[in-house]
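Asker: Just passing along the structure, written as structure tokens.
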Amino acid sequence: MTFIRTSKIWSISENKITPENLYWNRRKFLKTLVGAGIGASILPLAGCQSSTSGVVKSASQTALEASFNLPNIANFTKNPTFYKLKRPITEEKLAAQYNNFYEFGGTKKIWLDAQKLPTENWKVEVTGLVKNPQTYDIDDLKQKFPLEERVYRFRCVEAWSMVLPWIGFPMQKLIAAVEPTSQAKYVRFTSFYDPEITTGPGFHLGSLPWPYQEGLRIEEMANELAFFAVGIYGHDLPKQHGAPLRMVIPWKYGFKGAKSIVKIEFLDSQPATYWNTINSREYDFEANVNPNKPHPRWSQATEKFISKGPDLSWEIKETLPYNGYGEYVASLYS
Ligand code: MTE
């Protein structure tokens, strides 16, 4: 059963989706601001995704398009297994202006702030329990691992979803290149963080566990679905999507997909991860998409599927176990 909602997605009631910790931090942040006498002018920026105040209205359409008008990726094949879905691909401009990237702020409208991310001379260190540690630059990665396009469903823990055409390479290829030792059981992925640059309003106060880190069991990373993206919609990754390299784990909630990765470490024990450290009751390490396991503050049975504009309206769809990828991954959890 589906129906089209025509109201804007940012009209979703904030208390339905804003993680509790963000409320807490927001309040702490606002208190600080009130103390400093500057709260009112920037108050809307400290919210999370849900009000019209989060919409960037002043930035021009040209600036937005420039943020995703990037060099095309020349050499990639379309993976025939992950080529078509029953749902249409989300329009590029919607995906490019509705993002989570808390290093750059707490609203969905961080695309402009994310342009501060310095992606030149990017290096990715692969280290830890491996026989063949490496430091790659992005061109090395693009040369070394044949690139393919995969159209995947994308499901955020906040109960919105998209369908996105990523370009990248399977994580298994990196595993084969660095040869983990038999002690390696987990992998930690670390995002870029520099408090001088990643200056999202409200998210640098208190004790948030920066840098953003995520983790997988090594068997999960070796699954054929687990993917590193260097591009989307035929071109390089825009900064707001996590340029120049991000994780895409389509059977898990979107927060498992760390953006702008600088380090990958093979470990013998489960690493601490960003959201799980902040609130383990609401964000578990495994984070598999599961319609039967409600988030403590909202149901996960359905999702708001965002596909076409001009406004961010959505269609309600039933959430699929493992986001529809059970045939590939259910055996990992038996
Ligand atoms: N990675 C970093 N470094 N910082 C973040 O805030 N947010 C996560 C994930 N990766 C996040 C991140 C969450 S909650 C989601 S839903 C997805 O990125 C959003 O990806 P998108 O903006 O490309 O759609």
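Asker: Can you give me the number of residues within the stretch 282-307 that are closer than 19 Å to residue 210 by Cα and of a type outside the set (Phe, Trp, Tyr)?
Answerer: Step one: filter the stretch 282-307 for residues closer than 19 Å to residue 210 by Cα, giving 282-285.
Cutting the leftovers down to of a type outside the set (Phe, Trp, Tyr) gives us 282, 284.
Number satisfying all stated conditions: 2.
Asker: Need pairs with beta-carbon distance below 6 Å; first residue more than 17 Å from residue 158 (Cα to Cα) and within the stretch 83-102, second more than 13 Å from the ligand (Cβ to nearest atom) and open to solvent by 70 Å² or more (accessible area, probe 1.4 Å); sequence gap 6+ or separate chains.
Answerer: Taking only residues 6 or more apart or on different chains, the pairs are 91/308.
Asker: Residues to consider are 111, 160, 122; find the one that is among the aromatic types (Phe, Trp, Tyr), touching a residue at least 60 places away in the same chain (Cβ under 8 Å), in contact with an Asp or Glu (Cβ under 7 Å, 6 or more places away or on another chain) and closer than 21 Å to residue 254 by Cβ. Break it down stepwise before answering.
Answerer: On the way: 111 fails: in contact with an Asp or Glu (Cβ under 7 Å, 6 or more places away or on another chain); 122 fails: closer than 21 Å to residue 254 by Cβ.
After applying the criteria, what remains is 160.
Asker: Kindly provide the set of residues from the stretch 95-112 that are open to solvent by 10 Å² or more (accessible area, probe 1.4 Å) and either outside any loop (DSSP other than H, G, I, E, B) or over 16 Å from residue 199 (Cα atoms) (or both), ordered by number.
Answerer: Those that are open to solvent by 10 Å² or more (accessible area, probe 1.4 Å) and either outside any loop (DSSP other than H, G, I, E, B) or over 16 Å from residue 199 (Cα atoms) (or both): 97, 102.
Asker: Looking at the stretch 244-280 only, could you name the residues that are open to solvent by less than 20 Å² (accessible area, probe 1.4 Å) and aliphatic (A, V, I, L, M)?
Answerer: 245, 247, 248, 249, 258, 261, 264
Asker: If residue 124 satisfies every condition in (1) of a type outside the set (Gly, Ala, Ser); (2) touching a helix residue (DSSP H, G or I) at 6+ places or on another chain (Cβ under 8 Å); (3) at pLDDT 95 or above; (4) more than 15 Å from the ligand (Cβ to nearest atom) but one, which is the exception?
Answerer: So the condition that residue 124 fails would be (4).
Asker: Looking at (1) of a type in the set (D, E, K, R); (2) within 15 Å of the ligand (Cβ to nearest atom); (3) assigned to a loop (DSSP other than H, G, I, E, B), find the lone condition where residue 304 falls short.
Answerer: (3)
Asker: Looking only at the stretch 56-94, count every residue that is away from the ligand (no atom under 15 Å from the Cβ), surrounded by fewer than 18 Cβ atoms within 10 Å (Cβ to Cβ) and among the β-branched types (Val, Ile, Thr) and tell me the total.
Answerer: Selection size over the stretch 56-94: 3.
Asker: Residue check, residue 179 against (1) closer than 26 Å to residue 76 by Cβ; (2) buried (at least 18 other Cβ atoms within 10 Å of the Cβ); (3) among the acidic types (Asp, Glu), all met but one. Which one?
Answerer: For residue 179, the exception is condition (2).
Asker: Let me spell it out: the conditions are (1) surrounded by 15 or more Cβ atoms within 10 Å (Cβ to Cβ); (2) more than 30 Å from residue 302 (Cβ to Cβ), and residue 135 meets all of them except one. Which number is the exception?
Answerer: Among (1) surrounded by 15 or more Cβ atoms within 10 Å (Cβ to Cβ); (2) more than 30 Å from residue 302 (Cβ to Cβ), the lone unmet condition for residue 135 is (1).
Asker: On to the next question. Tell me, yes or no, whether the stretch 261-280 has at least one residue that is assigned to a loop (DSSP other than H, G, I, E, B), more than 10 Å from the ligand (Cβ to nearest atom) and of a type in the set (Asp, Glu).
Answerer: So the first thing to find is which residues in the stretch 261-280 are assigned to a loop (DSSP other than H, G, I, E, B), and the list is 268-273, 279-280.
From the residues that got through so far, the ones that are more than 10 Å from the ligand (Cβ to nearest atom) too are 268-273, 279-280.
Filter again for of a type in the set (Asp, Glu), leaving 268.
Yes, the stretch 261-280 has at least one match.
The values are calculated or read from the model by the stated rules, or taken from the named source; none is laboratory data. Please read all numbers here as calculations on a predicted model, not as lab measurements. Cβ atoms come from the backbone with ideal geometry, glycine included; neighbour counts cover every protein chain shown. The area values use the complete protein model at the heavy-atom level, side chains included, leaving out ligands, DNA and RNA. Shrake-Rupley method; radii C 1.70, N 1.55, O 1.52, S 1.80 Å.
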